[in-house]
Every structure is written in structure tokens, then in C-alpha cells.
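Where a number appears in this text, it was derived from the coordinates with a stated rule and is not lab data. Please read these numbers as outputs of a predicted model, since none were measured by experiment. Using ideal geometry, Cβ is built from the backbone for each residue, glycine included, and neighbour counts are taken over all protein chains shown.
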Amino acid sequence: MSSASTRKDSGPRLVGRGIAPRRRKRVGWLARVVIGCVLVVVCLVAWAVLARALTPKENTSQSQFDVLIVLGQPADSDGNPTPGQLARVNEAVREYERGVATHMIFTGGAVSNHFTEAEVMARAAEAQGIPAGAIVEETQARNTIENACNSLGIMRRHGWQSAEIVTGPAYAPRAAIIFNRLPLKWRVHAASPVEPESASLTTYATAREIVKTVHYLVWSRQAEPCQVSRQ
């Protein structure tokens, strides 16, 4: 009777002692996976931050260029320039009037709504006195890589060899990374905002651009090589 009782009592205790280690192993494995994923993300973000900080903002010391390339940004839902768009247009107009370049390429398609970014920006520039003959509209690009590649195609057709790229401050580092791979003389010029931006908005724009920089470094620059537009 006592031996049977011993067998009955020992069974559950052995099972219990076996379950706990298996659970600990599962928890340990999941913890290692989570830690590994976090480390990968941290490394990718650090890579992007360093690339944004270390990539040169120009590859020439010249102060005059053949053309200004104004990178697109979506218009509002009524087709009017947003503050970000207007900041880029205003800066391009100032650079044009300073004699930095004699032509402008406005680049950007209808990405976020049915209004074409290049057309909206070109219209705003003409309203500020820029002659239509000095403006070229590139209306197909859907991202910064296409902005750069399609603009390079336009430059080649016109025999232009150098460009100043006008964009927003948060976007300038990634633009520099992209244009640094193209065969032209260039510099990136950040547009001054038309109205003060809140710290939270600036932080959000920078964080978003860091994520986009990670995507470019890991994927886009290999998957989307520059195909020069022939339009």
C-alpha cells in the first residue's frame, strides 16, 4: 500500500519538474529572438543616422549651376501648395534671382492625391515671376530616387552637367545620399520653412526620414537602380 502510494505521489512531481524547464526554455528562446530583433533595428537605425551625418552635401565647390532641381512634396486636397512645397518654391525662386542657376526642374508626380506636385510648384514659381521658359516639369516621379533619376535624364537631354537640389531640411540628408551616386556635379540646399515648425513636427519628419533612409540603404538602392527617364 505504501509503495503504490509512493508511485502515485512521485508521478505528478516528476511531471511538474519537467514542465517548468520547458517553459523556461521557450521563454528564453523568445527573449533571445526579441533581443536579436531589437539589436538589428538599433544597428540599422545607427547605420542610417551615420550615413545621413557623414554623406557630403555636395561634390563640388562651384557656386553656380546649370539648373535647380526642386524635389516634390504633395499639394493639399484642393491643389494648393502646402507650406512645405511653398518653402521649396520660395527657396528656388531666391536662388534663381541670385543667379545660382538659369533653369529649374520641378519634379514630382501625383502621389498622395490627383494633383501633380511638379505642376503645382511650377505654377507657384510662375506666380512669383519665374518665366515659363526657365521651368521644366518632371511629372512622373513617385519617390526621391525617381526624382533624381528622371531629373538626370532631363539634364542629359539639355546638356546640363550640374545641379543644386532644393528640398526640406529633414529630407536633405537622404537626398544627398541618393544624388551622391549620380554622375553629375551637385549640392543639396535646404529650404527655409515659410512658417516656424513645432519641435514635435520636426522630430516626426526627421524620424520618418531615418526610416526611409534605412529602407533605401537596405533595399531601394539595390532594387531600384537609377533608370534614366527618356520622356
All-pairs Cα distance distribution in the chain, expressed in whole percent, bin size 5 Å: 1, 6, 12, 15, 16, 12, 8, 4, 3, 3, 3, 2, 2, 2, 2, 2, 2, 1, 1, 1, 0, 0
Rounded tilt (10° steps) of 117-127 against the dominant C-alpha axis of the chain: 30
Inter-centroid distance (Cα atoms) of the stretch 57-129 relative to the stretch 158-207, Å: 11
Residues of the stretch 81-98 with amide N under 15 Å of the 7 Å Cα→Cβ point at Ala127: 81-91, 93
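Summing +1 for each Lys or Arg and -1 for each Asp or Glu, what net charge is found among the other residues whose Cβ lies under 12 Å from the Cβ of Trp186?
+1
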Helix axis angle, 199-215 relative to the chain longest principal axis, alpha carbon, degrees: 80
Residue order, fewest to most beta carbons within 10 Å, for Trp47, Trp29: Trp29, Trp47
Environment charge at Lys212 (Cβ cut-off 15 Å; Lys +1, Arg +1, Asp -1, Glu -1): +2
Residue-span extension gain [Asp78 to Ser112] - 0.36 nm each, minus C-alpha spacing: 11.0 nm
Contour excess over end-to-end distance, with Cα ends at Thr102 and Leu39 and 0.36 nm allotted per residue: 17.9 nm
Under 5 Å, built H, 5+ apart or other chain: amide partners of Thr55: none
Neighbour net charge for Arg52 - beta-carbon separation under 12 angstrom, K R +1, D E -1: +2
Sequence-separation-based contact order of the chain, relative, with Cα cut under 8 Å and 6+ spacing, percent: 24
Charge dipole magnitude, Cβ of K and R +1, D and E -1 - the chain, Cα centre, debye nearest 20: 2500
Neighbour-count order for Val211, Val188, fewest beta carbons within 10 angstrom listed first: Val211, Val188
